[in-house]
1. If I filter the range 134-153 down to residues being within 21 Å of H41 (Cα to Cα) and out of contact with any strand residue (DSSP E or B) (no Cβ under 6 Å at 6 or more places or on another chain), which single residue comes out as surrounded by the most Cβ atoms within 10 Å (Cβ to Cβ)?
2. Here is a list of conditions, (1) at pLDDT below 95; (2) under 18 Å from V21 (Cβ atoms), and H75 meets all of them except one; can you say which number that is?
3. (1) surrounded by 19 or more Cβ atoms within 10 Å (Cβ to Cβ); (2) over 18 Å from W143 (Cα atoms); (3) of a type in the set (G, A, S): which one isn't true of S36, the others all being true?
4. Report, ordered by the first and then the second residue, all pairs with beta carbons closer than 9 Å, sequence separation of six or more or different chains, a first member in the range 62-81 that is among the aromatic types (F, W, Y), and a second member that is in a helix (DSSP H, G or I) and surrounded by 12 or more Cβ atoms within 10 Å (Cβ to Cβ).
5. Hey, could you check the range 52-64 for residues that are surrounded by 18 or more Cβ atoms within 10 Å (Cβ to Cβ) and in contact with a strand residue (DSSP E or B) (Cβ under 6 Å, 6 or more places away or on another chain) and say which is farthest from A140 (Cα to Cα)?
6. Can you tell me which residue is surrounded by the most Cβ atoms within 10 Å (Cβ to Cβ) among those in the range 109-133 that are on the phi > 0 side of the Ramachandran plot and more than 13 Å from the chain's Cα centre (by Cα)?
7. Quick one: which of F156, F94 is crowded, with 19+ Cβ neighbours inside 10 Å and of a type in the set (F, W, Y)?
8. Inside the range 137-157, can you point out the residues that are in contact (Cβ under 8 Å) with a residue 24 or more places away in the chain and part of a helix (DSSP H, G or I)?
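The values are calculated or read from the model by the stated rules, or taken from the named source; none is laboratory data. Remember, predicted model here, so these are calculated numbers, not experimental data. Here the Cβ positions follow ideal geometry from the backbone for every residue, glycine too, while neighbour counts run over all protein chains shown.
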Amino acid sequence: MASTASALSAVALHASELTAVGPGSQSTPNDNRLSSLIAAHRGRPVLINFWASWCEPCREEMPSLQRLADRYGSHRLLLITVAVADNRRQVEQFLADNALRLPVIDDRDQTISRAWQVRILPGTVLLDRRHRIRLRGQGAIDWDSETVTRRLQPFFN
């Protein structure tokens with residue numbers, strides 16, 4: 001993945017919180033694969049996590065992301081993962097080895113991650129019920145933490 005390293009960087013960073021996005025940056029990019037999936041779930045918040053099986057911080061984050069999905073259930077939160085610059089077989093193997101059941105969109109050519117301005121893996125974007133970008137996170141996030149839970153709670157009310 002040497003060619004990938006120049007375009008993206010995997011960061012051993014642990015984000016203690018998600019950062020609010022200003023009003024001018026709230027519109028979502030128009031990428032057919034991801035946009036059509038999001039549009040089908042109007043009225044529900046959406047969490048999009050950009051990751052790769054070769055990214056160690058991403059691998060560490062995934063189990064807590066699965067627990068987040070389990071806690072909120074698909075009726076309250078649409079959680080989508082985007083495998084960036086990755087090999088589909090390795091992605092499937094990683095998910096199977098770790099009993100992860102998260103939906104994955106393949107972004108081998110990085111068109112989705114570029115459209116969403118994700119430059120660091122893992123990267124996370126939270127959309128509100130109207131599908132406006134509200135929060136961004138860079139680096140691995142502990143989705144089990146009380147701080148993160150409090151930060152997400154307003155999006156479910």
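1. L152
2. Going through the list (1) at pLDDT below 95; (2) under 18 Å from V21 (Cβ atoms), H75 breaks only (2).
3. For S36, the failing item is (1).
4. Y72/L152
5. Of everything passing the filter in the range 52-64, A52 is farthest from A140 (Cα to Cα).
6. Checked the range 109-133; the qualifying residue surrounded by the most Cβ atoms within 10 Å (Cβ to Cβ) is H131.
7. Checking each option against the conditions leaves just F94.
8. Passing the criteria: T147, V148, R151, L152, F155, F156.
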